[in-house]
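Comments concern the structure below.
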Amino acid sequence: MGALLSAELLRRLEQLQLLAQRRAKSTLKGERRSRARGHSVEFADYRTYAPGDDLRYLDWNLYARLDRLFVKLYEEERELPVRIFLDASESMNFGQPPKFDFARQVAAAIGYVALCGFDRVSVVPFPDLAEIPTPTGNPTAANPGTQHPGLDSETRAQQAAARAALRSVRGKKSAVQFFEHLSLLRAAGPANLNQALRRGALEARQPGLAVVLSDLLDPGGYEAGLKALVGRGFQVDVVQILAPEELDPTTYGDLRLVDSETGAVQEVTFGRFRLKAYHNTVQQFLGRIRQFCAAHRICFFTARSDTDLEELLLKRLRAAEVWA
Amino acid sequence: MGLSLLAPEALAFAAAIPVVILFYLLKRKRQVKLVSSTLLWERFLAETQASKPFQRLRHNWLLVLQLLLVLAVVLALSRPWVPGPGKASKLRIVILDASASMQATDVKPSRFEQARAEALRLVGSLGDVDQMVVLQAGAHTEVKQSATSDKTALRRALAGCAPADAPTRLTEALKLAETLIQNRAEAEIHLFSDGAVPDLSEFENKNLPLVYHCVGRGGRNAGLVALEVRPHPDDPTQRAVFAAVANGSTNPEPVQVELLFEGRLLESRPVTLPATNTLPMVFMAPQDQDGVFTVRLRLEDDLAADNQASIVSLLPQPVKVLLVSRGNRFLEKALKAPGYVQLTVAPALADAAEGFDLVVLDDVYPAVWPAPNLLAIHLAPTNWFASVGTVTGPVIVDWKTTHSLLRFVNFDNVQIAEALKVPTPDWAVPLVESPDTPLVLAGQRQRQRIIWIGFDLLQSTWPLRLSFPIFIANAVEWLNPAASAAAGRMVRAGEPFRWVWAQPVSSAELIGPDGRARPVSCAPGSSELVIGDTARQGIYRLKAGTNEVTFCVNLLDSAESRIDPQPELPLGKYARVTATTMSRAGLELWPGIAAAALGLLLLEWWFYHRRTV
């Protein structure tokens, strides 16, 4: 598992438990408290006996005292479905180290913590394979920069298998496979964050914890998708991953910038003197996201792809009570 | 205050402005860079974004700066100017003082060079319709350039000016300038001088538009202002060389005064010149041949031209005097008194007396008019006077003591019984006058020096007075052609030298102080030569065949030796012109605009650099 997370980190992650602020709504049994009444050791309430009730749950002490029949109700413990929305678009390949690597590590850590807590983990990489072009497709001859790398058929099949395997993972014993499949994922193609999140929100049978790992650099925005998740009842955590060079550009001069995903061209004259203005732009961008997330009770983190993983996982996420 | 252009054709360069704009319309080549997303870059949309070869013009500071730069350069090339504080005149007369004192080196390289530079600046500020005249005022006024607007010609004319060792004749130049500006409404006379000029009182009431540019700072100078050589009265082998050295500075000046004869050092005398004063000096020197005495000051001062002066000294020759008289012992004795006179007495004159240096006609009418210089006593019926009468007992009321003939001569106690009454002819000056008639006249008539005494000596008490032999001695000296010839061999710088050969000459050459020989043009069949090229002080030798004559050109001008610049130029008693520091009219603006263009260029470079690096 050293490929994604170190053994030491895994050992420390095992001690953590994801905190859900809402009662689990899953129909499947788990270790999370839910509003449902069922079988557990946690007493919940009494109910008047009705014929047909299991006599095992009659409170005999109460019957002796009141001469009436009551049935003891227990809290049902359900699982917490954890959906990890992993941005696997072309733009995540940028950065040193690449943003996608960092995102996978975070996904692995969150997934591992969830698996340890007997929660169901599903990883939703987006864009879909169908949206990723083939290498020969859509080349713009005039501008080599706009040509998407795409995926060949062999990789495509591998990706399909890995994605299918990550659809639903449960149990600590599945962690090894979970990590393997996660490391097989590749980032390619243009993403539509809103569409992916909305679809994810609709597809989920029960709402749970949604973790969005993305750079949020989508021309279409992120608001609609996140709103859809929140509206579906998800508890949403957003970890925005940005490359260092996105925060501090190092290329100056008369530039023709090519968007890796859309192929859009932007001509820019950039110099050191405009660095401050760029920083302001980035801060405004982040500020808008932060404001949006605060308004929708979404936990929001920004991380550079060269951030120390342990610092993020064990300190910042813990401090934000993502887990404890 | 209007802006005018000296070179409006340069505005054609404004055609560069569309070219600059075209460059901005064209697409720029850019470095292609793949980025994860252009989302964050939207604010940094380049000013010149385009996907076609031509693009819409955007607001771009770089373009604005470049347009400003082009405009500034075009404007500088078109040479705009505004009238400066001075009035823009249509005609300017530049008078460049080329006198000796302008060679002073108290300002580097010299006053003349500074004046020339200032005049050239004035040329530079000349408007395209203004005209300028360049006059060089040395010993003579030379029109170096007549009225023109051609700046090249004016600059060439100024470059051709050179200072001489001559004193200034500013009057002549101002008179010329005055005639040039007559009937010109807008005219200015710009005088570039140090103010060492003679009296200009005749311009007192002319109200000349004179702008005086004073050059020079003032320095130390000592110079020779007088030089003369005389035979020693007692020892005919000795010569007395008289020199006067003026010190213009306010400090006593130690100086070594050297006397040379034909380049040979005879005596060197250390003296200290009193401050702002003149020190007369007399050297005694033996002389065994004709030659040139040179007095030289050994010191380093700001004006070198007046540190040396030369004088030709000829060995005294016996003066052959013919006295035509019916008998006058007083006169005879007085004529014999100077030791160098060979006196011949004759009762009448029948020929032109060619062999004599001078003839004395004592109340005798000659049959043939004598050719030599003449002392005529009581000689009335000549063609010298328009009318002749007599006056009885004339009283002497005035005599000219300043004339060399009346040196040490006194008429205090002289009575005259009867004298001829004549009007003063135009060729003579009256030396002794009574209320009715001049009694003694002296002058030159057709190169013949004449002294006329209008009364019979024996009918007066003059022969009994001490002044009589002195006067006769003075007269012999004055009339002696050799003496006048020697005196004529020294001219002031800039003045013409005139020489009469014994026979007509066909060609002659002049060897100047610089040692170079120049041919001198001679009028055919004429024995007279006039040499005007005496701008340099020093010893000149004139050669014609085997004949040779030496003459000296000296400055000997106390006004020129006083080199302190005069901030005020007095025009007579009341009017004066103050040295001006007025900035020149027609201020050209192109240097400032060019500097601004340079600044814009730097700004543009900085701006571009700042954007891209």
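The values are calculated or read from the model by the stated rules, or taken from the named source; none is laboratory data. Only a predicted model underlies this, so the values are computations on that prediction, with no experimental measurement involved. Here the Cβ is made from the backbone with ideal geometry for all residues, glycine too, and neighbour counts use every protein chain on show. The protein model used for the area step is the full one, side chains on, heavy atoms only, and it has no ligands, DNA or RNA in it. Shrake-Rupley method; radii C 1.70, N 1.55, O 1.52, S 1.80 Å.
For every residue, the table says whether it meets (1) hydrophobic (A, V, I, L, M, F, W, C); (2) not assigned by TED's automatic domain parsing to the domain that holds B:Gly393; (3) not in a loop (DSSP other than H, G, I, E, B).
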site	(1), (2), (3)
B:Pro425	no, no, no
B:Ala442	yes, no, yes
B:Ile451	yes, no, yes
B:Leu458	yes, no, yes
B:Ile472	yes, no, yes
B:Ala475	yes, no, yes
B:Val505	yes, yes, no
B:Pro519	no, yes, yes
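Going through (1) within 14 Å of B:Leu135 (Cβ to Cβ); (2) surrounded by fewer than 21 Cβ atoms within 10 Å (Cβ to Cβ) one by one, B:Ala177 falls short only on (2). Condition (residue is open to solvent by 20 Å² or more (accessible area, probe 1.4 Å), polar (S, T, N, Q), under 15 Å from the mean Cα position of the chain (by Cα) and more than 13 Å from every other protein chain (Cβ to nearest Cβ)) applied to the stretch A:234-242: is it met by at least one residue? Scanning the stretch A:234-242 turns up at least one residue that is open to solvent by 20 Å² or more (accessible area, probe 1.4 Å), polar (S, T, N, Q), under 15 Å from the mean Cα position of the chain (by Cα) and more than 13 Å from every other protein chain (Cβ to nearest Cβ). Screening the candidates A:Phe273, A:Phe300 for the property of being open to solvent by 30 Å² or more (accessible area, probe 1.4 Å), within 10 Å of chain B (Cβ to nearest Cβ) and not aliphatic (A, V, I, L, M) yields one hit, A:Phe273. Regarding B:Gln459, is this residue closer than 17 Å to B:Ser325 by Cβ and surrounded by fewer than 17 Cβ atoms within 10 Å (Cβ to Cβ)? When the stated conditions are applied, B:Gln459 passes them.
No other residue among A:Gly263, A:Gly231, A:Gly287, A:Gly221 is touching a Leu at 6+ places or on another chain (Cβ under 9 Å), more than 9 Å from chain B (Cβ to nearest Cβ) and either open to solvent by 20 Å² or more (accessible area, probe 1.4 Å) or part of a loop (DSSP other than H, G, I, E, B) (or both) apart from A:Gly221. Figure legend. Inter-residue proximity from the stretch B:166-184: first residues assigned to a loop (DSSP other than H, G, I, E, B), second residues β-branched (Val, Ile, Thr) and open to solvent by less than 30 Å² (accessible area, probe 1.4 Å), beta-carbon distance below 6 Å, spacing 6+ or different chains. Indicated pairs: B:Thr168/B:Val197. Among the residues making up the stretch B:9-54, a single one is at the interface with another protein chain (Cβ under 10 Å from one of its Cβ atoms), touching a helix residue (DSSP H, G or I) at 6+ places or on another chain (Cβ under 6 Å) and at pLDDT below 70: B:Arg43.
From the list B:Leu323, B:Leu343, the lone residue that is more than 30 Å from B:Ala166 (Cα to Cα) and open to solvent by less than 30 Å² (accessible area, probe 1.4 Å) is B:Leu323. Restricting attention to the stretch B:368-388, does a residue exist that is open to solvent by 20 Å² or more (accessible area, probe 1.4 Å) and in contact with a Ser or Thr (Cβ under 8 Å, 6 or more places away or on another chain)? No - not one qualifying residue is present in the stretch B:368-388. Number of residues in the stretch A:88-104 that are polar (S, T, N, Q) and either touching a Cys at 6+ places or on another chain (Cβ under 7 Å) or surrounded by fewer than 24 Cβ atoms within 10 Å (Cβ to Cβ) (or both) equals 2. When the stretch B:527-563 is examined, which residues are found to be acidic (Asp, Glu) and open to solvent by 70 Å² or more (accessible area, probe 1.4 Å)? Matches in the stretch B:527-563: B:Asp533, B:Glu548. Determine whether A:Arg198 is more than 14 Å from every other protein chain (Cβ to nearest Cβ) and outside any helix (DSSP H, G or I). The answer is no for A:Arg198. Here B:Asp514 fulfils each of the conditions (1) closer than 23 Å to B:Met102 by Cβ; (2) assigned to a strand (DSSP E or B) apart from (2). Among the numbered conditions (1) open to solvent by less than 50 Å² (accessible area, probe 1.4 Å); (2) at pLDDT 90 or above; (3) more than 29 Å from the chain's Cα centre (by Cα), the only one that B:Leu479 does not meet is (2). Checking each residue in the stretch A:243-260 for being within 11 Å of another protein chain (Cβ to nearest Cβ), open to solvent by less than 50 Å² (accessible area, probe 1.4 Å) and over 21 Å from the mean Cα position of the chain (by Cα) picks out A:Glu246, A:Leu247, A:Pro249, A:Thr251, A:Gly253, A:Asp254, A:Leu255, A:Arg256, A:Leu257, A:Val258, A:Asp259, A:Ser260. In a residue-by-residue description of the stretch B:310-324, the property of being over 27 Å from B:Ile472 (Cα atoms) and in contact with a Ser or Thr (Cβ under 8 Å, 6 or more places away or on another chain) applies to at least one position. Applying the condition of being open to solvent by 20 Å² or more (accessible area, probe 1.4 Å) and in contact with a Ser or Thr (Cβ under 8 Å, 6 or more places away or on another chain) to the stretch A:48-74 and asking which residue is modelled with the lowest pLDDT yields A:Tyr74.
When the stretch B:483-496 is filtered for residues that are touching a Pro at 6+ places or on another chain (Cβ under 8 Å) and either open to solvent by 30 Å² or more (accessible area, probe 1.4 Å) or on the phi > 0 side of the Ramachandran plot (or both), the ones remaining, listed by number, are B:Arg492, B:Gly494. Restricted to the stretch B:69-158, the set of strands (runs of 3 or more DSSP E) holding at least 2 residues that are open to solvent by 10 Å² or more (accessible area, probe 1.4 Å) comprises B:80-82, B:131-137, B:141-148. Of all the listed residues (B:Arg329, B:Arg298), the sole one being surrounded by fewer than 22 Cβ atoms within 10 Å (Cβ to Cβ) and either farther than 30 Å from B:Ala559 by Cβ or touching a helix residue (DSSP H, G or I) at 6+ places or on another chain (Cβ under 7 Å) (or both) is B:Arg329.
Here are some conditions: (1) at pLDDT 90 or above; (2) within 26 Å of A:Thr155 (Cβ to Cβ); (3) open to solvent by less than 50 Å² (accessible area, probe 1.4 Å). A:Asn194 meets all but one. Which one does it not meet? Only one criterion in (1) at pLDDT 90 or above; (2) within 26 Å of A:Thr155 (Cβ to Cβ); (3) open to solvent by less than 50 Å² (accessible area, probe 1.4 Å) is unmet by A:Asn194, namely (2). Summed over the stretch A:107-123, the residues that are out of contact with any Ser or Thr (no Cβ under 8 Å at 6 or more places or on another chain) and open to solvent by 20 Å² or more (accessible area, probe 1.4 Å) give a count of 2.
Take B:Gly263 and decide whether it is of a type outside the set (Ser, Thr, Tyr), surrounded by fewer than 16 Cβ atoms within 10 Å (Cβ to Cβ) and in the same structural domain as B:Asp351 (by TED's automatic domain parsing). No; evaluated as a whole, the condition is false for this residue.
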